[in-house]
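Here the structure comes first, spelled out in structure tokens, and everything after it is commentary.
The values are calculated or read from the model by the stated rules, or taken from the named source; none is laboratory data. Only a predicted model underlies this, so the values are computations on that prediction, with no experimental measurement involved. So basically every Cβ, Gly included, is an ideal-geometry build from the backbone, and we count neighbours across all protein chains shown.
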Amino acid sequence: MTGTIMNLEEHRVPVAAFLPRSLVNGPGVRSVLWVQGCPLRCPGCFNPEFLEFSGGRPAPVEEVVGWILAERQTEGVTFSGGEPFAHAAVLARVAEAVRQAGKSVVVFTGFPRDLLFARNDDATRRLLDSADLLIAGPYQRERPAAHPWLSSTNQQLVFLTYRYSDSVPAATRKRVEYHIQASGTVAVTGFPARPSRELVPLTSQLDKSQEPTP
């Protein structure tokens, strides 16, 4: 039974949300994939609805890769969540395909850099090997950061390739994007200086052309 569960986990991505294009979730114009499920419980988490592992919509790896590669004007994909390294095996497969196609991979994680590099499991290693930039560390709301890609000052930019090592933004102001959902709800993604609960984070509503199959 365990083998069957692992097989399913490695073939389906627990999608919480997908945004085809964004300017505020890493370098350049990027697609963003939020996964469902996180073992961490950082106080003040901006996406609390993505914490439970029971939510989200499972989508085949090939389908998710297709969404990302269909966006010809993007540099690559950013993984967020939820917690990407809680789904390292399946995201490694997505990342490997994206990198093979010439696009880049950025990963936001609540785990500290040293903890990830000390792990002795194949899934973590494969995801690290397939990423260009790791933005690592738990969110600490009492230590707000000015950097446009960091939520708190304890977090680190870890350059795993040379692709973005010379492109750290000089700007220090936070940037956000607002998206009007079909329901009329205004959703926000990025790094608001003062998150407002009147504006909800990006929800699991997906464009119909990108909706995962059951």
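Summary of values
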item	result
Residue within region 39-57 that is assigned to a strand (DSSP E or B), surrounded by fewer than 20 Cβ atoms within 10 Å (Cβ to Cβ) and in contact (Cβ under 8 Å) with a residue 60 or more places away in the chain present	yes
Among the residues listed as Val32, Val64, Val13, Val105, the single one being crowded, with 20+ Cβ neighbours inside 10 Å and either in contact with an Asp or Glu (Cβ under 7 Å, 6 or more places away or on another chain) or basic (Lys, Arg) (or both)	Val105
Residue tally, condition within 15 Å of the chain's Cα centre (by Cα), of a type outside the set (A, V, I, L, M, F, W, C) and under 17 Å from Thr161 (Cβ atoms), over region 104-123	2
Selection from region 50-80 of residues that are acidic (Asp, Glu) and farther than 19 Å from Phe111 by Cα	Glu62, Glu63, Glu71, Glu75
The listed residue being over 20 Å from Gly28 (Cα atoms), of a type outside the set (Lys, Arg), surrounded by 15 or more Cβ atoms within 10 Å (Cβ to Cβ) and in contact (Cβ under 8 Å) with a residue 12 or more places away in the chain, out of Ala131, Ala123	Ala123
When residues of region 4-31 are limited to those that are farther than 14 Å from Val64 by Cα and of a type in the set (A, V, I, L, M, F, W, C), the one modelled with the highest pLDDT	Val29
Residue list for region 163-186, filter: modelled with pLDDT under 65 and outside any loop (DSSP other than H, G, I, E, B)	His179, Val186
Any pair with Cβ under 9 angstrom, 6 or more apart, that starts in region 88-117 at a residue that is in contact (Cβ under 8 Å) with a residue 24 or more places away in the chain and ends at one that is of a type in the set (Val, Ile, Thr) and assigned to a loop (DSSP other than H, G, I, E, B)	Lys103/Thr74; Ser104/Thr161
Region 67-78, subset modelled with pLDDT of 95 or more and polar (S, T, N, Q), residue surrounded by the most Cβ atoms within 10 Å (Cβ to Cβ)	Thr78
